[in-house]
Amino acid sequence: MTHHWHRTHAWLRARAENALALMMAAMFVSFILQVFFRYVINLPVAWTEEVCVIGWLWGILWGAGFVTRNSEDVRFDTVYGLMPRGVKRVFTVVASTAIVVILALSLPGAWSYVSFMKVEKSASLGIRMDWMFSIYIAFVLAVIARHARIVVEAVQGRLVDDHPTHHVVEDL
C-alpha cells in the first residue's frame with residue numbers, strides 16, 4: 001500500500017509539474033506575442049497581457065501549493081539549525097500548527113471573496129474572476145494539508161530535513 005501511494009504521489013507530482021510547465025510556456029509565448037504585436041507590428045493587443053497575468057498568478061500559487069517540496073521551502077534556519085533535535089521538533093510543530101490555524105481561519109473569508117468575484121469578468125478574455133482567483137483556495141488547502149502532515153511527522157519524530165529530496169521516478 002505504501003509503495004502504491006508513493007508511486008501515485010510521484011505520478012501526481014509529475015502531472016502538477018507538467019501543468020506548471022504549460023502555464024509558464026503559455027505565459028512566455030503570450031509575452032513574446034505581446035512584444036511582437038506592440039513593437040514590430042505596432043498593433044498592441046490586450047489579451048496577451050491578461051494571459052501573462054493569469055499565468056503568473058496561477059503559476060505562482062500552483063507551484064507553491066502542488067510542486068514545491070517541503071525541503072525547498074524558504075526557511076530562516078540559522079538558529080533552527082543550531083538547536084537540538086527535540087527543540088527542532090517543537091519549533092516545527094508550533095510553526096506548522098500556526099500556519100494550519102491561520103490559513104484555516106482565513107479560508108471562509110477567502111472563499112467569500114472568491115465567490116463574490118463571480119460578478120466580475122476580465123477585461124479582454126471575459127474570464128469570470130471567481131475562476132481566476134479560485135487557485136488561491138486550492139493553494140490554501142494544499143498548504144494546510146502539507147503543514148498538517150509536517151506536524152504529524154514531527155510529532156512522530158520525523159523532520160522535513162530527514163527526507164531526502166526525491167525527484168520524479170524515472171519510469172513514470
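The values are calculated or read from the model by the stated rules, or taken from the named source; none is laboratory data. Keep in mind the model is a prediction, meaning the values are calculated, not measured. For neighbour counting, all protein chains shown are included, and Cβ atoms are generated from backbone atoms with ideal geometry for every residue, glycine included.
Note down all Cβ pairs under 7 Å where the first residue falls in segment 22-36 and is outside the structural domain of E49 (by TED's automatic domain parsing), the second is assigned to a helix (DSSP H, G or I), and they're at least six residues apart or on different chains.
Pairs that qualify, where the first residue is outside the structural domain of E49 (by TED's automatic domain parsing) and the partner is assigned to a helix (DSSP H, G or I): there are none.
Please enumerate the residues belonging to segment 73-121 that are touching a Phe, Trp or Tyr at 6+ places or on another chain (Cβ under 9 Å), hydroxyl-bearing (S, T, Y) and within 30 Å of C52 (Cβ to Cβ).
Once the filter is applied, which keeps residues that are touching a Phe, Trp or Tyr at 6+ places or on another chain (Cβ under 9 Å), hydroxyl-bearing (S, T, Y) and within 30 Å of C52 (Cβ to Cβ), segment 73-121 yields only Y113.
Hand me the list of helices (runs of 4 or more DSSP H) wholly inside segment 1-115 holding 3 or more residues that are surrounded by fewer than 16 Cβ atoms within 10 Å (Cβ to Cβ) and aromatic (F, W, Y).
Details: elements: 2-35, 47-62, 78-82.
Where helices (runs of 4 or more DSSP H) fall fully within segment 1-115 and carry at least 3 residues being surrounded by fewer than 16 Cβ atoms within 10 Å (Cβ to Cβ) and aromatic (F, W, Y), they are 2-35.
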